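The values are calculated or read from the model by the stated rules, or taken from the named source; none is laboratory data. Nothing here was measured: the structure is a model prediction, and the numbers come from that model. No Cβ is skipped: glycine too gets one built from the backbone with ideal geometry, and neighbour counts run over all protein chains shown.
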Amino acid sequence: MNGDWFIRGRDGRLSVYLTSGDAVLCRAERWPGGPWDAPRRVGGDQRLHPVLAVGRGADHYAHLVSWRPTVSGESGLVHSTHFRPRLAALDWQPVGHPDKAGGRTGTPAVTVDAEGRAHVFVRNAGGGVSMRGQKEKGGWGPWHDLKGSDVQDGPAAVTGESGRVELYAAVPGALLYWRQEQQGAQPVLQEAVKVPVRPGTLYALATSPDRTTCFFADESGDLYAWRPGDAPAALLPTAGPGPVAAVRCELDGHDCTLLAQRSASGRVAFAAYPTEQEWAGAWWTESGPQLPADAEVRLTNDAAGRVVAATLSPSTGQLLLTRRKDEPGLALEAWREV
(Lines give C-alpha, C1' and ligand atoms only; values in the text may rest on other atoms or scores of the structure.)
Protein backbone atom coordinates (compact mmCIF):
# COMPACT_ATOMS: atom_id res chain seq x y z
CA MET A 1 0.00 0.00 0.00
CA ASN A 2 1.10 3.55 -0.69
CA GLY A 3 -0.04 6.67 1.16
CA ASP A 4 -2.04 7.22 4.32
CA TRP A 5 -4.18 4.09 4.67
CA PHE A 6 -5.05 5.18 8.24
CA ILE A 7 -7.11 8.40 8.24
CA ARG A 8 -9.71 10.43 10.09
CA GLY A 9 -12.86 10.94 8.08
CA ARG A 10 -15.08 14.00 7.74
CA ASP A 11 -17.31 12.74 10.56
CA GLY A 12 -14.36 12.26 12.92
CA ARG A 13 -14.30 8.48 12.71
CA LEU A 14 -10.98 6.73 12.16
CA SER A 15 -10.71 4.18 9.37
CA VAL A 16 -8.13 1.93 7.76
CA TYR A 17 -7.95 0.58 4.21
CA LEU A 18 -6.31 -2.69 3.26
CA THR A 19 -6.15 -5.16 0.40
CA SER A 20 -7.52 -8.67 0.78
CA GLY A 21 -7.38 -11.07 -2.14
CA ASP A 22 -8.97 -9.27 -5.11
CA ALA A 23 -10.72 -6.63 -2.96
CA VAL A 24 -10.09 -3.47 -0.96
CA LEU A 25 -11.57 -3.47 2.54
CA CYS A 26 -12.33 -0.70 5.00
CA ARG A 27 -12.60 -0.88 8.77
CA ALA A 28 -13.99 2.11 10.66
CA GLU A 29 -15.01 3.25 14.11
CA ARG A 30 -18.75 3.16 14.78
CA TRP A 31 -18.35 6.60 16.34
CA PRO A 32 -15.27 8.69 17.17
CA GLY A 33 -13.33 6.80 19.82
CA GLY A 34 -15.82 3.92 19.80
CA PRO A 35 -15.62 0.25 18.81
CA TRP A 36 -14.71 -0.78 15.28
CA ASP A 37 -16.86 -2.44 12.63
CA ALA A 38 -15.84 -5.60 10.83
CA PRO A 39 -14.06 -5.13 7.46
CA ARG A 40 -16.32 -4.18 4.54
CA ARG A 41 -15.58 -4.34 0.83
CA VAL A 42 -15.44 -0.91 -0.82
CA GLY A 43 -15.87 0.20 -4.42
CA GLY A 44 -18.18 -2.57 -5.61
CA ASP A 45 -17.48 -6.10 -6.79
CA GLN A 46 -14.77 -5.51 -9.38
CA ARG A 47 -11.73 -7.77 -9.09
CA LEU A 48 -8.57 -5.87 -8.23
CA HIS A 49 -4.87 -6.57 -8.04
CA PRO A 50 -3.44 -6.45 -4.47
CA VAL A 51 -2.24 -2.86 -4.89
CA LEU A 52 -3.66 0.21 -3.19
CA ALA A 53 -2.87 3.93 -2.97
CA VAL A 54 -4.79 6.18 -0.59
CA GLY A 55 -4.93 9.96 -0.35
CA ARG A 56 -7.09 12.30 1.73
CA GLY A 57 -8.23 15.76 0.80
CA ALA A 58 -8.75 18.81 3.00
CA ASP A 59 -12.44 17.80 3.01
CA HIS A 60 -11.38 14.50 4.66
CA TYR A 61 -12.72 12.41 1.77
CA ALA A 62 -10.61 9.34 1.01
CA HIS A 63 -9.46 8.75 -2.57
CA LEU A 64 -8.49 5.17 -3.44
CA VAL A 65 -6.56 3.99 -6.49
CA SER A 66 -5.80 0.43 -7.55
CA TRP A 67 -5.06 -1.69 -10.61
CA ARG A 68 -7.64 -4.06 -12.06
CA PRO A 69 -7.22 -6.75 -14.74
CA THR A 70 -8.71 -5.80 -18.10
CA VAL A 71 -7.99 -8.03 -21.12
CA SER A 72 -5.57 -10.94 -20.93
CA GLY A 73 -2.16 -9.80 -19.69
CA GLU A 74 -3.19 -6.16 -19.28
CA SER A 75 -4.44 -3.94 -16.46
CA GLY A 76 -5.87 -0.48 -15.92
CA LEU A 77 -6.00 1.93 -13.01
CA VAL A 78 -9.28 2.54 -11.18
CA HIS A 79 -10.37 5.18 -8.65
CA SER A 80 -13.01 5.38 -5.93
CA THR A 81 -14.02 8.13 -3.51
CA HIS A 82 -15.14 7.32 0.04
CA PHE A 83 -16.98 10.27 1.55
CA ARG A 84 -17.67 8.87 5.01
CA PRO A 85 -16.18 5.71 6.56
CA ARG A 86 -19.51 4.02 7.40
CA LEU A 87 -21.17 4.85 4.06
CA ALA A 88 -20.61 2.91 0.85
CA ALA A 89 -17.76 4.18 -1.31
CA LEU A 90 -18.37 5.07 -4.95
CA ASP A 91 -17.92 2.22 -7.41
CA TRP A 92 -14.49 1.86 -8.99
CA GLN A 93 -14.20 4.00 -12.10
CA PRO A 94 -11.49 3.63 -14.78
CA VAL A 95 -8.55 6.02 -14.81
CA GLY A 96 -6.79 4.27 -17.69
CA HIS A 97 -3.19 3.34 -18.33
CA PRO A 98 -0.21 5.73 -18.58
CA ASP A 99 0.81 4.01 -21.85
CA LYS A 100 -2.79 3.62 -23.10
CA ALA A 101 -2.57 -0.16 -22.62
CA GLY A 102 -0.34 -2.79 -21.07
CA GLY A 103 0.40 -4.46 -17.77
CA ARG A 104 0.94 -2.91 -14.37
CA THR A 105 3.80 -0.42 -14.44
CA GLY A 106 4.22 0.26 -10.73
CA THR A 107 2.55 1.20 -7.47
CA PRO A 108 0.45 4.35 -7.92
CA ALA A 109 0.39 7.36 -5.61
CA VAL A 110 -2.56 9.71 -5.16
CA THR A 111 -3.03 13.11 -3.56
CA VAL A 112 -5.91 15.59 -3.52
CA ASP A 113 -5.66 19.31 -4.28
CA ALA A 114 -7.42 22.17 -2.52
CA GLU A 115 -10.45 21.81 -4.81
CA GLY A 116 -10.93 18.14 -3.94
CA ARG A 117 -9.53 16.83 -7.25
CA ALA A 118 -7.50 13.62 -7.13
CA HIS A 119 -4.12 13.46 -8.91
CA VAL A 120 -2.79 10.00 -9.71
CA PHE A 121 0.91 9.34 -10.33
CA VAL A 122 2.46 6.12 -11.59
CA ARG A 123 5.55 4.92 -13.39
CA ASN A 124 5.18 4.45 -17.12
CA ALA A 125 6.75 1.88 -19.43
CA GLY A 126 9.60 4.27 -20.25
CA GLY A 127 10.69 4.39 -16.60
CA GLY A 128 9.44 7.94 -16.03
CA VAL A 129 6.38 9.24 -14.16
CA SER A 130 2.95 9.94 -15.62
CA MET A 131 0.10 11.84 -13.98
CA ARG A 132 -3.62 12.16 -14.55
CA GLY A 133 -5.85 14.55 -12.59
CA GLN A 134 -9.57 14.95 -12.14
CA LYS A 135 -11.18 17.85 -13.96
CA GLU A 136 -13.00 20.60 -12.09
CA LYS A 137 -16.41 19.60 -13.46
CA GLY A 138 -15.95 15.85 -13.33
CA GLY A 139 -14.11 13.24 -15.33
CA TRP A 140 -10.39 13.04 -15.90
CA GLY A 141 -7.97 15.21 -17.80
CA PRO A 142 -5.32 13.79 -20.14
CA TRP A 143 -2.30 11.80 -19.05
CA HIS A 144 0.84 13.93 -18.68
CA ASP A 145 4.34 12.51 -18.99
CA LEU A 146 6.35 14.21 -16.24
CA LYS A 147 9.58 12.71 -17.59
CA GLY A 148 12.32 11.12 -15.52
CA SER A 149 14.05 7.77 -16.10
CA ASP A 150 14.73 4.67 -13.99
CA VAL A 151 12.21 5.91 -11.41
CA GLN A 152 11.94 3.56 -8.44
CA ASP A 153 8.61 2.17 -7.34
CA GLY A 154 6.71 3.92 -4.56
CA PRO A 155 6.66 7.67 -5.34
CA ALA A 156 5.35 9.97 -2.59
CA ALA A 157 2.58 12.40 -3.57
CA VAL A 158 1.57 15.23 -1.24
CA THR A 159 -0.50 18.40 -1.28
CA GLY A 160 1.03 21.42 0.44
CA GLU A 161 -0.84 23.82 2.65
CA SER A 162 -0.95 26.07 -0.42
CA GLY A 163 -3.21 23.49 -2.07
CA ARG A 164 -0.66 22.73 -4.80
CA VAL A 165 0.22 19.16 -5.65
CA GLU A 166 3.80 17.89 -5.27
CA LEU A 167 5.61 14.63 -5.97
CA TYR A 168 8.84 13.04 -4.80
CA ALA A 169 10.37 10.06 -6.57
CA ALA A 170 13.72 8.31 -6.29
CA VAL A 171 16.03 7.34 -9.12
CA PRO A 172 19.45 5.67 -8.83
CA GLY A 173 21.62 8.07 -6.84
CA ALA A 174 19.10 10.92 -6.60
CA LEU A 175 15.74 12.17 -5.37
CA LEU A 176 13.49 14.17 -7.74
CA TYR A 177 10.86 16.77 -6.90
CA TRP A 178 7.90 18.01 -8.98
CA ARG A 179 5.48 20.80 -8.06
CA GLN A 180 2.52 22.61 -9.56
CA GLU A 181 3.41 26.23 -10.26
CA GLN A 182 -0.27 27.04 -9.82
CA GLN A 183 -3.31 25.04 -8.78
CA GLY A 184 -4.68 22.86 -11.55
CA ALA A 185 -1.48 23.03 -13.60
CA GLN A 186 0.72 20.12 -14.61
CA PRO A 187 3.46 19.51 -12.00
CA VAL A 188 6.91 20.48 -13.26
CA LEU A 189 10.26 18.97 -12.30
CA GLN A 190 11.75 21.59 -9.96
CA GLU A 191 14.80 20.06 -8.35
CA ALA A 192 16.96 16.98 -7.94
CA VAL A 193 19.35 16.20 -5.12
CA LYS A 194 22.12 13.62 -5.28
CA VAL A 195 21.52 11.07 -2.54
CA PRO A 196 21.36 7.24 -2.54
CA VAL A 197 17.72 6.55 -1.56
CA ARG A 198 16.75 3.11 -0.27
CA PRO A 199 13.77 1.96 -2.41
CA GLY A 200 10.36 1.98 -0.76
CA THR A 201 11.17 4.47 2.00
CA LEU A 202 9.69 7.78 0.76
CA TYR A 203 7.09 9.60 2.85
CA ALA A 204 6.04 13.23 2.26
CA LEU A 205 4.34 15.63 4.67
CA ALA A 206 3.23 19.27 4.52
CA THR A 207 5.28 21.01 7.22
CA SER A 208 4.74 24.77 6.71
CA PRO A 209 2.56 27.08 4.56
CA ASP A 210 4.91 26.93 1.57
CA ARG A 211 6.97 23.79 2.06
CA THR A 212 6.70 20.03 2.28
CA THR A 213 9.27 17.61 3.69
CA CYS A 214 10.22 14.25 2.23
CA PHE A 215 11.53 11.62 4.63
CA PHE A 216 13.65 8.79 3.27
CA ALA A 217 16.37 6.31 4.22
CA ASP A 218 19.68 6.20 2.44
CA GLU A 219 21.56 3.04 1.54
CA SER A 220 23.65 3.19 4.72
CA GLY A 221 20.54 3.12 6.93
CA ASP A 222 20.23 6.74 8.03
CA LEU A 223 16.91 8.59 8.01
CA TYR A 224 16.88 11.97 6.24
CA ALA A 225 14.48 14.88 5.83
CA TRP A 226 14.62 16.95 2.64
CA ARG A 227 12.89 20.20 1.78
CA PRO A 228 13.62 21.42 -1.75
CA GLY A 229 15.93 24.40 -1.71
CA ASP A 230 17.98 22.99 1.16
CA ALA A 231 20.35 20.06 1.54
CA PRO A 232 18.97 16.83 2.99
CA ALA A 233 19.26 16.82 6.79
CA ALA A 234 20.26 13.63 8.61
CA LEU A 235 17.90 12.92 11.49
CA LEU A 236 18.97 9.62 13.07
CA PRO A 237 19.63 6.01 12.07
CA THR A 238 16.52 4.21 10.86
CA ALA A 239 14.81 2.03 13.46
CA GLY A 240 14.25 -0.77 10.95
CA PRO A 241 14.16 -1.62 7.25
CA GLY A 242 10.60 -0.62 6.38
CA PRO A 243 8.92 2.68 5.52
CA VAL A 244 8.61 5.52 8.01
CA ALA A 245 5.38 7.37 8.83
CA ALA A 246 5.06 10.97 9.97
CA VAL A 247 2.42 13.36 11.28
CA ARG A 248 2.41 16.90 12.64
CA CYS A 249 1.02 17.26 16.13
CA GLU A 250 1.16 19.50 19.19
CA LEU A 251 3.36 18.24 22.00
CA ASP A 252 3.47 20.35 25.15
CA GLY A 253 2.43 23.43 23.19
CA HIS A 254 4.99 22.99 20.39
CA ASP A 255 4.39 22.17 16.70
CA CYS A 256 6.22 18.86 16.35
CA THR A 257 6.70 16.17 13.74
CA LEU A 258 6.23 12.65 15.05
CA LEU A 259 7.90 9.77 13.22
CA ALA A 260 7.10 6.06 13.56
CA GLN A 261 8.62 2.92 12.07
CA ARG A 262 8.62 -0.81 12.71
CA SER A 263 11.95 -1.39 14.42
CA ALA A 264 14.46 -4.15 13.81
CA SER A 265 13.24 -5.77 17.04
CA GLY A 266 9.70 -5.94 15.63
CA ARG A 267 8.15 -3.26 17.84
CA VAL A 268 7.04 0.27 16.89
CA ALA A 269 9.64 3.00 17.38
CA PHE A 270 8.64 6.67 17.81
CA ALA A 271 10.72 9.83 17.52
CA ALA A 272 9.61 13.47 17.70
CA TYR A 273 11.25 16.84 17.04
CA PRO A 274 10.15 20.46 16.47
CA THR A 275 8.77 20.70 12.94
CA GLU A 276 11.40 21.70 10.35
CA GLN A 277 14.07 21.90 13.07
CA GLU A 278 15.99 18.73 12.35
CA TRP A 279 19.05 20.22 14.01
CA ALA A 280 17.28 19.89 17.38
CA GLY A 281 17.80 16.12 17.22
CA ALA A 282 15.52 13.13 17.72
CA TRP A 283 15.81 9.63 19.16
CA TRP A 284 13.75 6.46 18.96
CA THR A 285 11.62 5.06 21.80
CA GLU A 286 10.08 1.61 21.26
CA SER A 287 6.53 0.71 22.20
CA GLY A 288 4.07 -2.14 22.00
CA PRO A 289 4.37 -5.85 21.20
CA GLN A 290 6.48 -7.53 18.52
CA LEU A 291 4.76 -7.39 15.13
CA PRO A 292 4.76 -9.59 12.03
CA ALA A 293 7.58 -8.86 9.58
CA ASP A 294 5.19 -7.27 7.06
CA ALA A 295 3.48 -4.95 9.57
CA GLU A 296 3.49 -1.25 8.77
CA VAL A 297 2.64 1.72 10.95
CA ARG A 298 0.74 4.92 10.21
CA LEU A 299 -0.14 7.99 12.28
CA THR A 300 -3.03 10.44 12.39
CA ASN A 301 -4.80 12.81 14.79
CA ASP A 302 -8.23 11.85 16.10
CA ALA A 303 -11.32 14.05 16.46
CA ALA A 304 -10.03 15.26 19.84
CA GLY A 305 -6.64 16.22 18.38
CA ARG A 306 -4.77 13.32 19.99
CA VAL A 307 -2.15 11.40 18.05
CA VAL A 308 -3.21 7.85 17.18
CA ALA A 309 -0.88 5.15 15.83
CA ALA A 310 -2.04 2.07 13.94
CA THR A 311 -0.15 -1.01 12.82
CA LEU A 312 -1.49 -3.32 10.14
CA SER A 313 -0.17 -6.67 8.96
CA PRO A 314 -1.37 -7.48 5.41
CA SER A 315 -0.69 -11.20 5.86
CA THR A 316 -2.72 -11.57 9.05
CA GLY A 317 -5.07 -8.60 8.90
CA GLN A 318 -4.11 -7.78 12.51
CA LEU A 319 -4.87 -4.15 13.39
CA LEU A 320 -3.43 -2.63 16.57
CA LEU A 321 -4.03 0.89 17.89
CA THR A 322 -2.70 3.21 20.57
CA ARG A 323 -3.57 6.81 21.46
CA ARG A 324 -1.65 9.52 23.21
CA LYS A 325 -2.71 9.98 26.81
CA ASP A 326 -4.01 13.33 28.04
CA GLU A 327 -0.82 14.19 29.88
CA PRO A 328 2.51 15.90 29.11
CA GLY A 329 4.99 14.32 26.72
CA LEU A 330 4.28 11.44 24.39
CA ALA A 331 2.78 8.97 26.86
CA LEU A 332 0.71 6.36 25.03
CA GLU A 333 -2.16 4.13 26.07
CA ALA A 334 -1.70 0.36 25.99
CA TRP A 335 -1.81 -1.08 22.47
CA ARG A 336 -5.04 -2.94 21.72
CA GLU A 337 -6.23 -5.12 18.88
CA VAL A 338 -9.39 -4.05 17.08
Legend entry - Selected residue (criterion: farthest from Phe121 (Cα to Cα)) from residues of segment 49-77 that are hydrophobic (A, V, I, L, M, F, W, C) and crowded, with 22+ Cβ neighbours inside 10 Å: Ala62
Inset, instruction - Among the numbered conditions (1) surrounded by fewer than 17 Cβ atoms within 10 Å (Cβ to Cβ); (2) of a type in the set (Ser, Thr, Tyr); (3) within 27 Å of Pro35 (Cβ to Cβ), tell me where Thr285 comes up short. - result: (3)
Inset, instruction - Among the residues of segment 71-110, write down those that are β-branched (Val, Ile, Thr), in contact (Cβ under 8 Å) with a residue 60 or more places away in the chain and part of a strand (DSSP E or B). - result: Val110
Legend entry - Condition met for Pro39 (over 17 Å from Thr81 (Cβ atoms), in contact with a Cys (Cβ under 8 Å, 6 or more places away or on another chain) and not aromatic (Phe, Trp, Tyr)): yes
Legend entry - The listed residue being under 21 Å from the mean Cα position of the chain (by Cα), surrounded by fewer than 20 Cβ atoms within 10 Å (Cβ to Cβ) and at positive phi, out of Gly253, Gly200: Gly200
Inset, instruction - Consider Ala114 carefully, then state whether it is crowded, with 23+ Cβ neighbours inside 10 Å, touching a strand residue (DSSP E or B) at 6+ places or on another chain (Cβ under 8 Å) and aliphatic (A, V, I, L, M). - result: no
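Answer with yes or no whether Gly126 is touching a Gly at 6+ places or on another chain (Cβ under 7 Å) and part of a loop (DSSP other than H, G, I, E, B). Full working, then the answer.
On the way: touching a Gly at 6+ places or on another chain (Cβ under 7 Å): no; part of a loop (DSSP other than H, G, I, E, B): yes.
Criteria not met by Gly126.
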Inset, instruction - Would you mind stating whether Glu276 is of a type in the set (D, E, K, R), in a loop (DSSP other than H, G, I, E, B) and modelled with pLDDT of 95 or more? - result: yes
